[in-house]
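K.L.:
Below is one structure. I have some questions about it.
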Amino acid sequence: MDEEQPQTGMSGSLSVGRAAVVLALFVAAVAILVSVGTRESVSGVPSTAPTTTPTTVAAGGSTTTTAAGATTTTHAATTTTAHHGRHGATTTTTTVPASTVSVVVANGTSTNGLAGHYTSVIGAGGYSMKAAIDAATSVPTSAVYYAPGFQPEAAAIATTIGVKPTEVLPISTATPVSATSGLDVIVVIGQDLATTTTT
């Protein structure tokens, strides 16, 4: 019986050729992965943390320009923070002390004592409360009205007393209170709160 002889020549060089091709493909794949892993992100998320520029403004009306060029008009002692996010956009947050926000509660129902009750409830938050009044008309739904710049405070008051966010509105000629001058927030109690309130 003849012993089989190992194959040499053409078959051996094919194996070496295949190994070289596989090795070249491996090196190319690694190079592609490394280049993908080291290039800048294109997701739109900033690679550095946003910067914040705090500015403190004294009491009284004044205008402040932050380092980024954003202009803020303030109406009371405030702390303004300019947040510099993606693409240089500036977001300004103003904190107004509750004691500087003038608030009046108007009773828009025939139920006695509602405006006084809610004046006490809201006043517990430190707001500058005016004497309770009656609304010019009866209203079915309670609402909180705000002067320019006082929407955050109006929204906070609405949450405190259970008024829907959709009923937080700017003061206008449609506000059912005869005198709105000098007021920052006007709360009008409607029949919806009258039915759920014990005074």
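K.L.:
Determine, for I161, I32, I186, the number of other Cβ atoms within 10 Å of each Cβ, and report the residues in order from fewest to most. Mind dumping the intermediate values first?
P.N.:
Working: I161 17, I32 10, I186 26.
So the residues, fewest neighbours to most, are I32, I161, I186.
K.L.:
Roughly speaking, what is the stretch gain from E167 to T196, that is 0.36 nm per residue apart minus the C-alpha to C-alpha distance, in nm to one decimal? Kindly include the intermediate steps, with their values, before the conclusion.
P.N.:
Numbers: separation 29, 0.36 × 29 = 10.44 nm, distance 1.73 nm.
8.7 nm is the gain from fully extending E167 to T196.
K.L.:
While we're on this one: Please report the orientation-averaged projected area of segment 99-194, defined via the convex hull of its C-alpha atoms, in nm².
P.N.:
On the way: hull surface 20.6 nm².
Result: 5.1 nm².
K.L.:
Same structure again: Mind ordering 171-181, 118-128 by average Cβ neighbours within 10 Å, highest first? Display every interim value, and only then the final one.
P.N.:
Values: 171-181: 12.5, 118-128: 17.1.
So the order, starting with the most tightly packed, is 118-128, 171-181.
K.L.:
Calculate the FRET efficiency for V22 and A155 from the Cβ-Cβ distance with a Förster distance of 45 Å, rounded to the nearest 0.05. Numbers along the way, then the final one.
P.N.:
Numbers: r = 66 Å, r/R0 = 1.46.
Given R0 = 45 Å and the Cβ-Cβ separation, E is 0.10.
K.L.:
Sticking with the crude label model, points 7 Å out along Cα→Cβ, report the distance from S181 to S102 in nm, one decimal please.
P.N.:
1.0
K.L.:
Tell me, in nm to one decimal, what length is gained between S138 and A124 on full extension, where the rule is 0.36 nm per residue of separation less the Cα-Cα distance?
P.N.:
On the way: separation 14, 0.36 × 14 = 5.04 nm, distance 2.60 nm.
2.4 nm is the gain from fully extending S138 to A124.
Only the coordinates and a few stated rules stand behind these numbers; no lab work does. This is a predicted model, so every value here is computed, not measured. Heads up, the Cβs are rebuilt from the backbone with ideal geometry, glycines too, and the neighbour counts pull from every protein chain shown.
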